[in-house]
1. Would you mind pulling out the separation of the Cα centroids of the stretch 99-130 and the stretch 20-42, in Å?
2. Quick one: Kirkwood hydrodynamic radius for the stretch 8-64, alpha-carbon pairs, angstrom, one decimal?
3. In whole percent, and with a 1.4 Å probe on the protein chains, what portion of the accessible area of the stretch 1-133 is carbon and sulfur?
4. Please give the net charge around residue 171, taking every other residue with its beta carbon less than 11 angstrom from that of residue 171, where Lys and Arg add +1 and Asp and Glu add -1.
5. Give, in nm to one decimal, the length gained when the segment between residue 162 and residue 33 is fully stretched (0.36 nm per residue of separation minus the Cα-Cα distance).
6. What shape does the stretch 5-132 take by its C-alpha gyration tensor, where a ≥ b ≥ c are the square roots of the eigenvalues and a/c under 1.5 counts as rounded, a/b above b/c as prolate, and the rest as oblate?
Amino acid sequence: MSRRTAPLTLDQFAHVGEPCRSCLFWCADPVSRARTSPEDAAAAKETWLSWVLREWGSCGRVALVDGEVVGHALYAPVAYFPGAAAIPTAPPSPDAVLLSTVYVEPTARGGGVGRLLVQGMARDLVTRNFTAVEAFGDTRGRSAGCVMPAEFLGRVGFKTHRAHVLSPRMRMDLRSVVTWKSEVEVALERLWGVVRPDPLPAPKPSRRTGG
């Protein structure tokens, strides 16, 4: 079984299942959501994704198991998530990207796919020089809904940044990820220096003896 993540594109979004494909909780304010019919919701979500990709760049990952999309994550600056204003602990810190969604299909849960998506997000943001990512948690432990369980966020590396009885805001410091990456690279370079064979000596010029 092969497992990997890939950037979320419009083509990949076509394979994202419901309820997320037509959910506008994060990407529209309450008034706009109320004005959008269920028949138009998926198209509105696709329009939103196209806008974020065009204006900000990569804003999500999909999890692929044997080539099939089984989950996805969405992240971007909070300005791209009008729905976040309804969360009691909003807004996120100015230096943080907001992780709004990590969703795994029910048939693929329990196998670490959610953690895989968070790791893919962290790698993407580190390479783009972002220093932190924050997310809103739900302390009621819901496995469905638009706000991720706080317990899940804690398991994958987030810590409570602003406490709340229902909706804590949680944070992952990407600087520690950068430090870990640098330390690993330095260690590998040192190891390579230890095991690298010494260069062969240059061949001595041959002597020609007279006849």
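The values are calculated or read from the model by the stated rules, or taken from the named source; none is laboratory data. As the structure is a prediction and not an experimental result, all values here were calculated from the model. Cβ placement follows ideal geometry from the backbone for every residue including glycine, while neighbour counts extend to all protein chains displayed. In case anyone asks, the SASA skips ligands and DNA or RNA and just uses the protein heavy atoms, side chains included. Shrake-Rupley method; radii C 1.70, N 1.55, O 1.52, S 1.80 Å.
1. A separation of 23 Å, based on Cα centres.
2. Working: mean 1/r = 0.0848 Å⁻¹.
For the stretch 8-64, the Kirkwood estimate is 11.8 Å.
3. Details: 3440 of 6310 Å².
Roughly 54 percent, rounded to a whole number.
4. Working: positive: 159, 162, 169; negative: 95, 134, 173.
Here the charged neighbours net out to 0.
5. Values: separation 129, 0.36 × 129 = 46.44 nm, distance 2.75 nm.
Working it through step by step, the gained length comes to 43.7 nm.
6. Numbers: a/c = 1.59, a/b = 1.10, b/c = 1.44.
Note, shape of the stretch 5-132 comes out oblate.
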